[in-house]
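For reference, the structure discussed in these notes is given below.
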Amino acid sequence: MAQLISRLRLWRGAVLLLAGLYFLVPMAASVWFSVDDVDGISFDAYTGLLSAPGFTDSLVLTLELAAVTVVVLLLLLVPAMIAVRLGAPRLRPVLEVVCTLPLVVPPVALTAGLIGVLRWGPDHLMDTPFFQTFVFVQQPEFPLVLVVAYVLMALPLAHRALDSGLRAVDVRTLVEAARNCGASWPRAVLSVVVPNLRGALLNAAFLTLALVLGEFTTASILGYQPFAVWIYSVGNSRGQMSVAVSVLSLLITWVLLLLLAAAGRERRHKTATA
Amino acid sequence: MSTATTPLATDAALGGATVEFRSLRRKFGATTALDGLDLTVRPGELLALLGPSGCGKTTALRILAGFETHDSGEVLVDGEDITRVPAHRRDAGMVFQSYSLFPHLTAADNVAFGLRMRGVGKAERLRRAQELLELVGLPQRAAHYPHQMSGGQQQRIALARALALQPRVLLLDEPLSALDAKVRLVLREEIRRLQQELGITTLFVTHDQEEALSMADRVAVLRAGRLEQCAAPSELYSRPATAFVAEFVGTMSRLPCTRTADGHVEVLGRRHPVDGTLPADGPLHVLVRPEHVRLAPAAEGPALVVAAAFLGAVTRLTVRLPDGTEVKSDLPTEAATTLPLGSPATLTLPDRPVLVDRAPTPHP
């Protein structure tokens with residue numbers, strides 16, 4: 001028995017080592033490539049980032065798009081999922097299928113569809129609010145059309161995260177208990193359900209953030225330049241800097257993930273020591 | 001739980017409201033949950049709604065709480081029809097079966113939740129919450145979260161939360177069914193004491209007859225959405241209005257009998273007057289409680305002891321008659337030792353009116 005356990009430990013170590021190498025070697029190679037210089041090690045690729053044309057603009061645009069996408073997505077999805085759970089449980093599979101559909105639509109096809117819609121509009125409608133809306137959502141300073149696309153793309157991920165959170169709490173009883181204590185419907189949901197979905201909301205927000213940070217296809221085809229597109233365009237002319245930005249992008253994602261984990265830990269610690 | 005009388009317990013704001021269900025009907029698709037329920041809960045009493053699964057007891061409670069709607073009929077509290085009053089304005093505190101404490105709030109915050117919804121200031125909220133926690137005997141758990149407490153403690157906090165708003169009616173939806181047997185016994189005594197101390201009208205849903213009989217002032221037995229009988233526990237047990245109530249509350253044995261010309265029934269060779277009405281036709285059964293069946297050892301006796309269950313002071317023997325009928329009889333445990341398994345016995349019924357019912361139609 002002891003021999004079996006030690007053998008299992010050995011295998012576990014080997015698998016972990018292999019997995020670690022699989023992830024770490026390409027990253028180490030990227031970091032090495034970004035600092036390698038004919039004169040030794042140089043951090044020029046990193047220090048030059050801030051002054052690189054388009055870096056700040058693309059990063060800010062991406063973070064803004066991510067923030068708006070997260071807000072729109074959660075405002076749409078959370079009330080819908082709670083309402084279905086409370087008022088029409090039989091519609092749950094329907095909502096699930098609708099939210100999962102974007103998974104089977106490739107981003108290229110989705111973008112082609114969007115282009116088709118945005119290009120449509122007969123000339124005689126040019127002065128109407130309908131047409132102006134089409135123009136407004138495509139303004140380069142803040143292309144709302146990308147938010148629409150990102151919300152659709154993030155729908156399956158956010159739905160999964162929120163669904164697992166909602167499964168963990170007895171929403172119906174909690175709402176009924178809150179209403180019995182004098183809370184109106186909206187107040188019961190905001191005061192009792194939403195705080196208990198904190199982890200799921202953070203997960204959904206993080207997954208959406210990660211998707212928006214890395215999304216390239218739609219933004220590129222529609223002609224906008226958020227962070228991922230900027231990295232690609234820089235890579236064509238300044239290879240070392242594009243790898244440095246990729247490493248930085250990875251670090252940003254990690255930092256966000258760590259913040260999320262820390263928030264969860266803080267919550268657990270708070271409840272455990274109360 | 002604290003036995004001291006708290007300011008809340010003496011607060012005149014709590015106390016009895018009259019609750020009336022009038023011809024209440026509710027259907028869920030093809031299923032009829034309530035079929036014209038008529039029931040009045042008197043001010044300050046604890047009324048238990050008892051019945052098998054699907055009899056409509058929880059539906060009635062949820063309609064009173066405002067979580068379900070009814071198809072027709074009326075629900076009145078102190079004479080006022082509350083049909084159109086939303087759940088959050090019904091002034092009815094409820095304790096749920098599944099604890100239902102808010103997981104993200106401490107015990108004190110859970111208790112104070114309703115006060116916060118009513119806009120009561122923080123200091124007053126905390127004072128009242130502490131007062132209620134003392135009332136349910138858990139003042140030291142104020143800062144604990146639900147997952148840090150046992151089921152019994154969580155249910156006490158839920159009770160304190162339900163009482164925080166000084167409701168006119170307290171609704172208990174099988175609050176003890178998720179607890180283990182020992183905690184259940186302790187908590188049911190405590191709930192009863194608290195209810196009497198506060199004098200609050202309480203509707204208590206349960207499928208556990210022992211719970212209902214031991215806690216309630218009156219027990220309403222429901223069957224298929226209708227009220228079978230509403231009476232004090234002792235009356236319900238000793239004078240059941242229908243065969244259903246007789247068999248649902250306590251244990252009953254059925255014995256075949258025949259009607260006599262003078263409106264009596266003959267069972268085990270003796271005539272007995274009938275308690276209630278005698279069914280007009282068809283084969284009949286007499287219903288008897290185990291404590292009313294007398295057994296005695298007899299070498300030539302027609303009954304045979306086939307089972308024995310030790311219940312402490314008494315032992316419940318099951319005897320089989322020549323026609324296959326099985327009858328239960330409670331004997332003092334010492335006396336039961338004279339009737340071991342397989343021994344013959346004679347069986348007699350006391351000379352008193354008996355409850356008679358139609359013999360059930362045998363299943364094909």
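The values are calculated or read from the model by the stated rules, or taken from the named source; none is laboratory data. Quantities reported herein were computed from a predicted structural model and do not represent experimental measurements. Don't worry about glycine lacking a Cβ; one is built from the backbone with ideal geometry, like all the others, and counts go over all protein chains shown.
Whenever a residue of the range B:336-349 is closer than 14 Å to B:Glu291 by Cβ, its partners that are modelled with pLDDT of 90 or more and among the charged types (D, E, K, R), lying with C-beta atoms within less than 6 angstrom and at least six residues away or across chains, give the pairs B:Thr348/B:Arg294.
State yes or no: is A:Thr69 more than 30 Å from A:Val169 (Cβ to Cβ) and of a type in the set (S, T, N, Q)? Taking the combined requirement at face value, the residue does not satisfy it. Which one of the conditions (1) among the β-branched types (Val, Ile, Thr); (2) loosely packed, with under 13 Cβ neighbours inside 10 Å; (3) not in a helix (DSSP H, G or I) does A:Thr133 fail to meet, given that it meets all the rest? (3) is the only condition that A:Thr133 fails. Counting only residues that are in a strand (DSSP E or B), more than 25 Å from B:Asp357 (Cα to Cα) and among the small types (Gly, Ala, Ser), the range B:286-332 holds 4 of them. Touching a residue at least 60 places away in the same chain (Cβ under 8 Å) and part of a loop (DSSP other than H, G, I, E, B): does that describe B:Thr251? Yes: the conditions hold for B:Thr251.
The C-beta contact set for the range A:158-179 (first residue among the aromatic types (Phe, Trp, Tyr) and in a helix (DSSP H, G or I), second residue buried (at least 21 other Cβ atoms within 10 Å of the Cβ) and modelled with pLDDT of 95 or more, distance under 8 angstrom, 6+ apart or interchain) is empty. From the list B:Thr277, B:Thr251, B:Thr242, B:Thr260, the one residue that fits, being surrounded by fewer than 17 Cβ atoms within 10 Å (Cβ to Cβ) and out of contact with any Lys or Arg (no Cβ under 9 Å at 6 or more places or on another chain), is B:Thr277.
Identification of helices (runs of 4 or more DSSP H) wholly contained in the range B:84-200 with 1 or more residues that are within 14 Å of chain A (Cβ to nearest Cβ) and β-branched (Val, Ile, Thr) yields B:107-117, B:151-164.
Residue selection: B:Arg90 satisfies the criterion of being surrounded by 15 or more Cβ atoms within 10 Å (Cβ to Cβ), within 28 Å of B:Met117 (Cβ to Cβ), more than 17 Å from the chain's Cα centre (by Cα) and charged (D, E, K, R). Contact map, the range A:114-126: first residue touching a residue at least 24 places away in the same chain (Cβ under 8 Å), second residue not in a helix (DSSP H, G or I), Cβ cut-off under 7 Å, separation 6 or more or different chains; pairs are A:Leu118/A:Gln138.
Remark: pairs (first residue in the range B:38-58, without any contact (Cβ under 8 Å) to a residue 24 or more places away in the chain and polar (S, T, N, Q); second residue surrounded by fewer than 23 Cβ atoms within 10 Å (Cβ to Cβ) and not in a loop (DSSP other than H, G, I, E, B); Cβ separation under 7 Å; 6+ apart in sequence or on different chains) = B:Thr40/B:Glu20.
Do we have any residue at all in the range B:303-315 that's farther than 23 Å from B:Tyr237 by Cβ and of a type outside the set (A, V, I, L, M, F, W, C)?
No, because not a single residue in the range B:303-315 is farther than 23 Å from B:Tyr237 by Cβ and of a type outside the set (A, V, I, L, M, F, W, C).
B:Pro344 meets the conditions (1) farther than 28 Å from B:Ala241 by Cβ; (2) out of contact with any helix residue (DSSP H, G or I) (no Cβ under 9 Å at 6 or more places or on another chain); (3) crowded, with 18+ Cβ neighbours inside 10 Å in every case but one. The failed one is (3).
Number of residues in the range A:120-159 that are of a type outside the set (A, V, I, L, M, F, W, C) and at pLDDT below 80: the value is 5.
Restricting attention to the range B:139-162 and to residues that are surrounded by fewer than 24 Cβ atoms within 10 Å (Cβ to Cβ) and hydrophobic (A, V, I, L, M, F, W, C), the residue that is nearest to A:Cys181 (Cα to Cα) turns out to be B:Ala142. Scanning the range B:330-339 turns up one or more residues that are buried (at least 18 other Cβ atoms within 10 Å of the Cβ), at pLDDT 90 or above and closer than 23 Å to B:Val245 by Cβ.
Among the residues that make up the range A:179-189, is at least one of them farther than 17 Å from A:Gly87 by Cα, within 14 Å of another protein chain (Cβ to nearest Cβ) and in contact with a Phe, Trp or Tyr (Cβ under 7 Å, 6 or more places away or on another chain)?
At the first step, the residues of the range A:179-189 found to be farther than 17 Å from A:Gly87 by Cα are A:180-183.
Subsequent filtering for residues that are within 14 Å of another protein chain (Cβ to nearest Cβ) retains A:180-183.
Still in the running and in contact with a Phe, Trp or Tyr (Cβ under 7 Å, 6 or more places away or on another chain): A:181.
Yes: one or more hits.
Taking the numbered list (1) over 26 Å from B:Gly151 (Cα atoms); (2) more than 13 Å from the chain's Cα centre (by Cα); (3) of a type in the set (S, T, N, Q) in turn, B:Gln195 passes all entries but (1).
Look through A:Leu17, A:Leu63, A:Leu77, A:Leu118 and report the one residue that is out of contact with any helix residue (DSSP H, G or I) (no Cβ under 7 Å at 6 or more places or on another chain) and surrounded by 14 or more Cβ atoms within 10 Å (Cβ to Cβ). Spell out the reasoning first.
Values: A:Leu17 fails: surrounded by 14 or more Cβ atoms within 10 Å (Cβ to Cβ); A:Leu77 fails: out of contact with any helix residue (DSSP H, G or I) (no Cβ under 7 Å at 6 or more places or on another chain); A:Leu118 fails: out of contact with any helix residue (DSSP H, G or I) (no Cβ under 7 Å at 6 or more places or on another chain).
Criteria check complete, one pass: A:Leu63.
For (1) of a type in the set (Ser, Thr, Tyr); (2) in contact (Cβ under 8 Å) with a residue 24 or more places away in the chain; (3) under 20 Å from A:Arg172 (Cα atoms), each residue gets a yes or a no:
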{"residue": "B:Ala108", "(1), (2), (3)": "no, yes, no"}
{"residue": "B:Arg118", "(1), (2), (3)": "no, yes, no"}
{"residue": "B:Gly121", "(1), (2), (3)": "no, no, no"}
{"residue": "B:Gln130", "(1), (2), (3)": "no, no, no"}
{"residue": "B:Gln140", "(1), (2), (3)": "no, no, no"}
{"residue": "B:His147", "(1), (2), (3)": "no, yes, yes"}
{"residue": "B:Arg161", "(1), (2), (3)": "no, yes, yes"}
